[in-house]
Amino acid sequence: MKKNATNLIVDTLINYISIQNPLFMDTKRIIFISIFSLFGLFVSAQSSNTIIPQVLEVNAYISSLKTIEQNSNSSFSNSQNIENLVSKLQSSVYFNSGGVKTFGENPKNLYTDIDSLNGISSANLLKNNIEIVIINIRNTTDLNSKIDLAVFSDFYKLKYIYIVSNIDTTGQTIAKMFINYDEQYTIFYKIEKGE
């Protein structure tokens with residue numbers, strides 16, 4: 001009998017804590033839901049920051065635009081605009097090692113390198129008309145760096161990020177360099193080795 005009495009007391013205590021006391025169960029549920037919600041929030045924040053952009057070689061990108069534009073009646077040619085920006089002389093800003101040099105009025109091009117990117121937001125640049133940022137990659141260390149596109153948030157007309165690499169690489173490798181990717185930017189690259 002004593003054995004039954006002990007079980008009865010323990011069973012009654014467990015029943016009281018888990019069933020009879022709804023406050024205890026509600027607290028457990030709230031904690032579980034809170035942890036689950038925070039985990040979901042963390043996962044969604046991480047996934048939104050890890051979007052990998054599509055990066056094409058510049059000539060392949062221009063060629064694809066020309067194919068699309070053949071069936072268009074538009075008077076504006078996006079492919080011609082990009083060709084002009086990357087190959088013709090334009091008013092430009094050069095920002096390297098903290099130094100700013102501006103050539104021409106209302107520059108459309110910004111030339112920079114990986115090491116100078118973090119200083120762009122605090123630099124005194126003519127940002128209003130910049131349509132393309134040309135980033136030079138010189139070596140493997142540059143290629144393993146990250147490019148935070150948030151530094152270009154004040155460049156209201158910026159459409160293109162153009163990577164010019166002095167070493168062999170691929171579009172996939174370059175795509176992994178970008179963080180805070182925004183779909184308003186088109187990214188393309190070119191391999192341009194020095195002789």
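Overview of results
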quantity	calculated
Spacing of the two label points (7 Å from each Cα toward its C-beta) at residue 97 and residue 77, in nm	4.0 nm
Cα gyration tensor shape of the range 43-195, rounded if a/c is under 1.5, else prolate or oblate by comparing a/b with b/c	rounded
Where chymotrypsin sites (Phe, Trp or Tyr not before Pro) fall in DSSP loop in the range 68-108, at most 10 other Cβ within 10 Å	76
Nonlocal amide H pairs with residue 189, under 5 Å, H built at 1.01 Å	56, 57, 58, 163
Rounded to 5, the percent of DSSP beta bridges in the range 70-187 classed as antiparallel	20 percent
Heavy atoms of residue 87 accessible to a 1.4 Å probe, total area in Å² rounded to 10	90 Å²
Gain upon complete extension [residue 57, residue 153; 0.36 nm per residue less C-alpha separation]	32.1 nm
Contour excess over end-to-end distance, with Cα ends at residue 121 and residue 184 and 0.36 nm allotted per residue	20.8 nm
Of the trypsin sites (Lys or Arg not before Pro) in the range 149-183, those whose Cβ has at most 12 other Cβ within 10 Å and which sit in DSSP loop	157
Members of 101/146; 88/108; 88/190; 88/176 lying beyond 22 Å, as alpha-carbon distances in this model show	101/146; 88/176
Accessible area (Å², 1.4 Å probe, nearest 10) - residue 105	150 Å²
Global geometry of the range 112-195, whether rounded, prolate or oblate, following the gyration tensor of its Cα atoms and the 1.5 cut on a/c	prolate
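The values are calculated or read from the model by the stated rules, or taken from the named source; none is laboratory data. Being a predicted model, the structure only gives us computed values, none of them experimental. Methodologically, a virtual Cβ is constructed for each residue, glycine included, from the backbone with ideal geometry; neighbour enumeration extends over all protein chains shown. Surface accessibility is based on the protein's heavy atoms, side chains included, excluding ligands, DNA and RNA. Shrake-Rupley method; radii C 1.70, N 1.55, O 1.52, S 1.80 Å.
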